[in-house]
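Worksheet: the structure to be examined is printed underneath.
The values are calculated or read from the model by the stated rules, or taken from the named source; none is laboratory data. Since the structure is predicted, the reported quantities are computational estimates derived from the model, not experimental observations. Because the Cβ atoms are built from the backbone with ideal geometry, glycine has one as well, and the counts that use them run over all protein chains shown. Remember, those area values only see protein heavy atoms, side chains included, never the ligands or the DNA or RNA. Shrake-Rupley method; radii C 1.70, N 1.55, O 1.52, S 1.80 Å.
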Amino acid sequence: MKFKRMSAILASTALFTVFAGCSNNSDQPGAGQPAASGGTASQSGPVKIDYWGGWTGPDLETMKGLVEKFNAEQSKIHVEFSSMQWTPLFTKFLTEMKGGEPPEVLAMHPFEIGQFAEMGVLDAKTVESVKMNKADYSEFAWGGTLYKGTQYAVPLDVHMHGVFYNKDLFAKAGVSAPPTTGEELIAAAQKLTVDKNGKHPNEAGFDENNITQYGLGFSMNHHAFYQFYALLNQQGDNPFKEDMKKLVLDEQKAAKALGFLEDLIFKYKVVPKGQKSPVDDFTSGKVAMIVDGPWQMPKLEASGIQWGSAPYPKVFDKQAAWGAAEVLTFPVNSKASAEEKAAAVEFVKWLDKNSGDWAKSGQLPSSNAGMEVAKKMPGRDAFVNSLNNAVLLPAHPKAAQLFSSTAPSPILTAAQDAVLNNKDPLEIVKKLQKDMDALLAE
């Protein structure tokens, strides 16, 4: 184990700020602080294990229900589930690793695997004992469990950006179908953006200071960078690599991607400036479309509005959307008994077998069997169809620094300079490259 590197990283907990696909809900409180592990096998009771995750949105209740179902179905193992926001979760995890009391099962995302694998805190041997078959999972999901050829995780789910749209507002505006291209997105958003006098942004006399309904909404945080990443890939450029020593951006393509996002807000005026909660604006009818992920579907299903979903539009040369995944890992734990390790494996196998129930969260199960369940659920097809076009950020050893969702991270600075401050796209690109190169050189 490489714990000698841990103390230095613990000294700067901000490095472990994580950008989960579902971290739009960063304003929501966590479900509680994870307790220290140390579950023990007892002759008179079940083996107790700890399971930690970072779900704080609509999908949290689904995961709680799965754990409760597992505990109710058998009496040999009892899983204590704790969830909190991803950032403090990993800070707590490293603190417990240093003290020798990590959880038996820890959820994370593919891009985080590199840093933890390099630290020696993930148990690849236990992953082998799960005895998975690659053919049982999507290629996208399977690839997200590997780092430098070693498998460090069990696939749980996949997710990506798509477009949700309000069917009633579409019908009222005469928009017959969700947009599939950048041009269609702009045109539809203009039809769906209305000021207090009923005028649209492309009409004379439009009052941008008194807009009653916007055509489109999206998060102004790190998810704006995810859109930039997709738009860069749509132009055939992906400079973010697992082994990169410096960032080599095609400045013109990168500026073009950022410029498209800026224009939606500041030129076409179809996206609210400084939007705080796109999903709330969507469910209240203030915006007609939003760019978001499938984890929002439980909230949409409970809202009562008539909604549909569509793949992220092909703005440039080819189809691509930001994608991510959630995986299950086994932290190295010298204090865990053989019974506890075996119980952790049995629980993870059970989650994998019952991944169809996880589809209720909106997330798409990684297993083929679970995916078949998801395909039969409303609104999932657009995301399922995007699977082959989804692009992952790499599991770089410095991923937590490079792709942190907390200021002053490179991606958040770049995203907000574009969508909040309307800065020159080329200057944003140059700063992004400079900031990332500085981190890569450390």
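Hey, among Ala325, Ala288, which residue is small (Gly, Ala, Ser), over 30 Å from Asn238 (Cβ atoms) and either touching a helix residue (DSSP H, G or I) at 6+ places or on another chain (Cβ under 7 Å) or open to solvent by 10 Å² or more (accessible area, probe 1.4 Å) (or both)? Lay out the reasoning, then the answer.
On the way: Ala325 fails: over 30 Å from Asn238 (Cβ atoms).
Within the list Ala325, Ala288, the selection yields Ala288.
Has the range 212-220 got at least one residue that is outside any loop (DSSP other than H, G, I, E, B) and touching a helix residue (DSSP H, G or I) at 6+ places or on another chain (Cβ under 6 Å)? Quick ask: steps written out before the conclusion?
The initial filter retains those residues of the range 212-220 that are outside any loop (DSSP other than H, G, I, E, B), namely 212-214, 217-218.
Now restrict to residues that are touching a helix residue (DSSP H, G or I) at 6+ places or on another chain (Cβ under 6 Å): 217-218.
Within the range 212-220 (the criterion being outside any loop (DSSP other than H, G, I, E, B) and touching a helix residue (DSSP H, G or I) at 6+ places or on another chain (Cβ under 6 Å)), the answer is yes, since at least one residue qualifies.
Kindly establish whether Glu262 is of a type in the set (Asp, Glu), open to solvent by less than 20 Å² (accessible area, probe 1.4 Å) and more than 23 Å from Glu184 (Cβ to Cβ).
Numbers: of a type in the set (Asp, Glu): yes; open to solvent by less than 20 Å² (accessible area, probe 1.4 Å): yes; more than 23 Å from Glu184 (Cβ to Cβ): no.
When the stated conditions are applied, Glu262 does not pass them.
For residues in the range 335-366 being in a loop (DSSP other than H, G, I, E, B) and over 15 Å from Leu156 (Cα atoms), which is most open to solvent (accessible area, probe 1.4 Å)?
Within the range 335-366, the first condition is being in a loop (DSSP other than H, G, I, E, B), and the residues that meet it are 335-337, 354, 362-363, 366.
Still in the list and also over 15 Å from Leu156 (Cα atoms): 335-337.
Values: Lys335: 126, Ala336: 17, Ser337: 35 Å².
Ranking the qualifying residues of the range 335-366, first place goes to Lys335.
Might you let me know whether the range 419-430 holds any residue that is open to solvent by 70 Å² or more (accessible area, probe 1.4 Å), modelled with pLDDT of 95 or more and assigned to a helix (DSSP H, G or I)?
Scanning the range 419-430 turns up at least one residue that is open to solvent by 70 Å² or more (accessible area, probe 1.4 Å), modelled with pLDDT of 95 or more and assigned to a helix (DSSP H, G or I).
Tally up the residues in the range 327-348 that are among the β-branched types (Val, Ile, Thr) and closer than 16 Å to Gly120 by Cα, please.
2
Residues in the range 186-202: is at least one surrounded by fewer than 24 Cβ atoms within 10 Å (Cβ to Cβ) and closer than 26 Å to Ala359 by Cβ?
First, the residues of the range 186-202 that are surrounded by fewer than 24 Cβ atoms within 10 Å (Cβ to Cβ): 186-187, 190-191, 194-202.
Next cut, closer than 26 Å to Ala359 by Cβ only: none.
No; the residues of the range 186-202 include none that is surrounded by fewer than 24 Cβ atoms within 10 Å (Cβ to Cβ) and closer than 26 Å to Ala359 by Cβ.
Which ones in the range 393-418 are of a type in the set (Gly, Ala, Ser) and assigned to a helix (DSSP H, G or I)? Walk me through how you get there before you give the answer.
Step one: list which residues in the range 393-418 are of a type in the set (Gly, Ala, Ser), which gives 395, 399-400, 404-405, 407, 409, 414-415, 418.
Those that are of a type in the set (Gly, Ala, Ser) and assigned to a helix (DSSP H, G or I): Ala399, Ala400, Ala414, Ala415, Ala418.
Considering only the range 405-421, state which residues are under 14 Å from Phe240 (Cα atoms) and touching a residue at least 40 places away in the same chain (Cβ under 8 Å). So that I can check it myself, show each step before the final result.
Keep residues of the range 405-421 that are under 14 Å from Phe240 (Cα atoms), which gives 410-411.
Matches in the range 405-421: Ile411 only.
For Asn209, which of the numbered conditions (1) touching a strand residue (DSSP E or B) at 6+ places or on another chain (Cβ under 9 Å); (2) closer than 27 Å to Lys167 by Cα; (3) of a type outside the set (Gly, Ala, Ser); (4) in contact (Cβ under 8 Å) with a residue 12 or more places away in the chain fails to hold?
(4)
Given (1) modelled with pLDDT under 95; (2) closer than 21 Å to Leu231 by Cβ; (3) surrounded by 20 or more Cβ atoms within 10 Å (Cβ to Cβ), identify the lone condition not met by Ala400.
(2)
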